[in-house]
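One structure is given here, and the rest of the page talks about it.
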Amino acid sequence: MTDGLERGRTRVAGFADPEMDFQLMRQLGSARYGGASVGECLALARRIENGVPASWVAAFAAAAERQERDARARAGRGHRISARDQFLVACNSYRAAEYYTCVTDPRHAEYGRKSRDCFLAAMQLQDHACEVVSLPFGDTPLPAYCIRPAPGTAGGKSGTLMIISGYDGTLEETYLAYGRPALERGYNLLLFTGPGQMDTLRYHPGLHFIPEYERVAAPALEYVLSRPETDARRIALMGISLGGYFATRMAVHEPRIRALVANSPIVDVHAYLVSFVGFDPAEMPESDDFGLDEIDHLPPDVVSLQQREMARNMMLRFGQDSFRRTYIRLRDFRVGDADLKRIACPVLGLVGSGEGKEPIAQFERFCRGVSGPASSHIFTEEEGADGHCQSGNLAYSAAVSMDWLDEAFA
């Protein structure tokens, strides 16, 4: 106890580790649309050891379980709104625990499925309709949600927005960060995912990322066009994070997409990820390469605990047995200049000013390269949105993207 007057014990402090600090900002930003509370996130951060993934997982998993219990208790007492809100917070806390859990750990899928369960419990308490969808992909069903705005929402039959996230986003997080503002504006939603992505990984861990994401676009569009509420002239696609590559690749091959939002545009995944590690692992000597069975023996002063997990995750999800071969595989994930010219629909490219040289260069190449009318926006530090996917100011990101889409479909 202190003898002085204090207004509270929670302090605004993040992490020295840049990646963990970004993940904290990601969680804090979700508070705008009901995915977290600022005070709770900061209280959790005080119990997490800087740069140690296991401490993050323990803190957020415990919080998620507590939040889910609270939500179910409130639902049992008939408090519909309170239960809905708590289910969404629990859903996102489970996602945060899922993020830092090793993909080979059974808890990874467990936390992901619990996140989904809490989301579906919340959807039962919403005014808008949510349907669980399985999109065909060979012999493997891909998870998706079809969500329609509540009756009477402004905009009516304004169009359908298909949203695909990226490397570590989930369908549930996509709803919280981008789906809710789209529903508020009257858009029908299809939130969908492909091979290698988090939602698919929960059920099909052996299904790896593929370059040809147009194979995912085809069944998704067929489903959307089968819906009675769909206006075929107003089908938009939004790609988030690595989804910027997926969506761009889809738009190259699918003229049925009538507007494209890439946040951010990624046209060369290999170059994009090389910029994060500072060298090209595809060019490293084989003697310096390491495989899955060697990761845990790397010197901790050379490769941190967090870097180990990120390397392991990448190898497993791209279906490669070494770090070097993973980056060689990444060279297949690109959209050439000739391909970009095939995109004739209106496009909006979004990027944060703080994302770095390579993401901004790819953003510029995308905006110059498409043949359709191109708009762009670079978010700034002053706007609190200079980071990747504007996690620090989701409402402003929505204002820019949704207003552009309203005008494109006007």
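The values are calculated or read from the model by the stated rules, or taken from the named source; none is laboratory data. Because the structure is predicted, anything quoted here is derived from the model rather than measured. Please note: Cβ atoms are built from the backbone with ideal geometry, for glycine as well, and neighbour counts cover all protein chains shown.
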Exactly one of ALA62, ALA36, ALA71 is under 11 Å from ALA90 (Cα atoms), without any contact (Cβ under 8 Å) to a residue 60 or more places away in the chain and touching a Leu at 6+ places or on another chain (Cβ under 8 Å), and that one is ALA36
- Quick check: anything in segment 275-283 assigned to a loop (DSSP other than H, G, I, E, B) and either more than 25 Å from SER391 (Cβ to Cβ) or in contact (Cβ under 8 Å) with a residue 24 or more places away in the chain (or both)? yes
Of the residues in segment 37-51, those that are on the phi < 0 side of the Ramachandran plot, within 22 Å of the chain's Cα centre (by Cα) and not in a helix (DSSP H, G or I) number 1
| task | Considering every residue within segment 91-101, establish whether at least one is out of contact with any Lys or Arg (no Cβ under 7 Å at 6 or more places or on another chain), assigned by TED's automatic domain parsing to the domain that holds ALA31, surrounded by fewer than 17 Cβ atoms within 10 Å (Cβ to Cβ) and not basic (Lys, Arg). | result | no
Buried (at least 16 other Cβ atoms within 10 Å of the Cβ), more than 20 Å from GLY112 (Cα to Cα), at pLDDT 95 or above and not assigned by TED's automatic domain parsing to the domain that holds ARG180, is that true of ARG26?
no
Among the residues of segment 364-409, the number that are over 25 Å from ARG180 (Cβ atoms), assigned to a helix (DSSP H, G or I) and in contact with a helix residue (DSSP H, G or I) (Cβ under 9 Å, 6 or more places away or on another chain) is 4
Condition set free of Cβ contacts under 8 Å to residues at least 24 places away in the same chain and more than 28 Å from HIS388 (Cα to Cα), scope segment 289-322, selection surrounded by the most Cβ atoms within 10 Å (Cβ to Cβ): answer is LEU298
When segment 221-236 is checked residue by residue, the ones that are surrounded by fewer than 18 Cβ atoms within 10 Å (Cβ to Cβ) and either touching a strand residue (DSSP E or B) at 6+ places or on another chain (Cβ under 6 Å) or of a type in the set (Phe, Trp, Tyr) (or both) are GLU229
The one condition PRO149 fails out of (1) within 24 Å of TYR203 (Cα to Cα); (2) surrounded by 15 or more Cβ atoms within 10 Å (Cβ to Cβ) is (1)
Taking first residues from segment 11-23 that are under 14 Å from ALA43 (Cα atoms) and second residues anywhere that are β-branched (Val, Ile, Thr), the pairs with Cβ under 8 Å that are 6 or more apart or on different chains are PHE15/ILE48
PHE209 passes all but one of the listed conditions (1) out of contact with any His (no Cβ under 7 Å at 6 or more places or on another chain); (2) part of a helix (DSSP H, G or I); the exception is number (2)
Out of (1) at pLDDT 95 or above; (2) touching a helix residue (DSSP H, G or I) at 6+ places or on another chain (Cβ under 7 Å); (3) assigned by TED's automatic domain parsing to the domain that holds PRO373, the one SER264 does not meet is (1)
When every residue in segment 267-288 that is in contact with a helix residue (DSSP H, G or I) (Cβ under 9 Å, 6 or more places away or on another chain), over 26 Å from THR174 (Cβ atoms) and of a type in the set (A, V, I, L, M, F, W, C) is compared, the one surrounded by the most Cβ atoms within 10 Å (Cβ to Cβ) is VAL274
Regarding ALA311, is this residue outside any loop (DSSP other than H, G, I, E, B) and either modelled with pLDDT of 95 or more or in the same structural domain as MET198 (by TED's automatic domain parsing) (or both)?
no
If we ask which residues in segment 353-374 are modelled with pLDDT of 95 or more and on the phi > 0 side of the Ramachandran plot, their number turns out to be 0
For segment 104-131, the count of residues that are touching a Lys or Arg at 6+ places or on another chain (Cβ under 7 Å), surrounded by fewer than 21 Cβ atoms within 10 Å (Cβ to Cβ) and of a type in the set (A, V, I, L, M) equals 3
